[in-house]
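The values are calculated or read from the model by the stated rules, or taken from the named source; none is laboratory data. The structure displayed is predicted, hence computed values, not measured ones. Cβ coordinates were reconstructed from backbone atoms using ideal geometry, including for glycine residues, and neighbour counts include every protein chain displayed.
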Amino acid sequence: MTTLLGLELAGRRVLVAGGGPVAARRVQALVADGAQVLVVAPALCEPLRDAHRWGQVEWRAREVCEQDVDGVWLVHTATGDRATDDAVAAWSLERRVFCVDAARAAGGTARTPATTSVAGLAVGVVSTGAPDPARAATVRDALADHLREGHVDLRARRARRPDEGRVVLVGGGPGDLGLLTLAGRRALAQADVVVVDRLGPVSVLDELAPGVEVVDVGKTPGHHPVPQHEIGRILVEHAQRGRYVVRLKGGDPFVFGRGGEEVLACREAGVQVDVVPGVSSALAAPAAAGIPLTHRGTVGAVHVMNGHDGWSSAALTGLRDESCTVVVLMGVAVLDTLASTALVAGVAAGTPVALVEDATLPTQRVTRATLATVADAVREVGVRAPAVIVIGAVAAEGLLEPAPDADGADPGPGSHATMTL
């Protein structure tokens, strides 16, 4: 029976016999664990030379001898010579020092597991009986995928100190759960508290472990029941109680998501804060509707704006000379004003416009019009937020003709829900 045991090697001396690539991989892991590494070999491969040059390891430029084993806590032998590795293992056994034989696991008294780490946990797989490293690595990889995808409840079970609390801003993407990143899922798997608004992949809340507290701070156009300063206070208060707090936001936190304000609120309170980027709806919504924001021979620049801020001179210039695609977020309520202002500023009345509602969701709908007709189209169809507005030549219907599937099925989301007015 082989027993798995976590060794604390930080500050402790470890001998590595051998200077080749296998020894280098072992040294890299040991250095990362904080061990004091002694390498004994006549010559070193380049990674080990670099480690020695940077002061990460001590090097004795000769063949390994019995005295090298004295005073160490652990031995790795990877000389590539069977007789030498057997000798190192024997010297270690005499001194009751555990030894890993890289070439012949059964020849040593310890085995290096195939490991993966996530959320402060190291998971190792080691074969029992006859060594089988390839099998262990296969199982390790499967476990790593499972952990990375957030399928395991990774919450801390011990009580955290107040100074151990933290906030993680997670960009949830435009709505489709498949567009939530693996890093975002891992953060949610560790969360004690999730602070969420109405945008983004809210269906992921159904996957949270029992006992995770969900705080809804959702806003709708013209209705902000929880103001921004209060959201900041909620994040800080929970973190200061030692909790792992995830702020789940739609799109990307730093693209008109007020993530910067929430980061500042945490930093001013001395709370550790991290950001997991997300897929911005400014990019995802046009893609889901089959609209390329840049297209060779048509347009090569993109301008993203908040509709409530109004036009910039750069955006209007780009539309007038047809050199730029403009993507408007949070612009449905002010679309009348935006359209009329652009027309007065000299943007062509026939400039194509596309509005993508509920991008990436089953309810996605695309409405196409021109700058001159879009205001009437919005009223006729009843376009509602959240919707992303794309203005420019790429928004024209037929720029990219959708190809049906081999069985004649619908070519993709939004294609059957497109209205041109």
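Okay, here's what the table says:
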{"item": "Those residues of region 128-143 which are among the hydrophobic types (A, V, I, L, M, F, W, C) and at pLDDT 80 or above, in sequence order", "result": "A134, A136, A137, V139, A142, L143"}
{"item": "Checklist (1) surrounded by fewer than 18 Cβ atoms within 10 Å (Cβ to Cβ); (2) among the β-branched types (V, I, T); (3) in contact with a Pro (Cβ under 7 Å, 6 or more places away or on another chain) applied to T294, failing item", "result": "(3)"}
{"item": "Some residue of region 57-71 being closer than 24 Å to A134 by Cα, of a type outside the set (V, I, T) and surrounded by 14 or more Cβ atoms within 10 Å (Cβ to Cβ)", "result": "no"}
{"item": "Conditions (1) closer than 16 Å to A23 by Cα; (2) touching a Lys or Arg at 6+ places or on another chain (Cβ under 6 Å); (3) not in a strand (DSSP E or B): number failed by H76", "result": "(3)"}
{"item": "Filtered residue count, region 20-42, keeping only those that are surrounded by fewer than 17 Cβ atoms within 10 Å (Cβ to Cβ), under 16 Å from D81 (Cα atoms) and within 33 Å of the chain's Cα centre (by Cα)", "result": "1"}
{"item": "The listed residue being surrounded by fewer than 18 Cβ atoms within 10 Å (Cβ to Cβ) and at pLDDT 95 or above, out of R82, R13", "result": "R13"}
{"item": "Wholly enclosed strands (runs of 3 or more DSSP E) of region 122-223 bearing at least 3 residues free of Cβ contacts under 8 Å to residues at least 24 places away in the same chain", "result": "213-216"}
{"item": "Test: residue in region 100-109 that is surrounded by fewer than 17 Cβ atoms within 10 Å (Cβ to Cβ), without any contact (Cβ under 8 Å) to a residue 40 or more places away in the chain, over 41 Å from the mean Cα position of the chain (by Cα) and part of a helix (DSSP H, G or I)", "result": "no"}
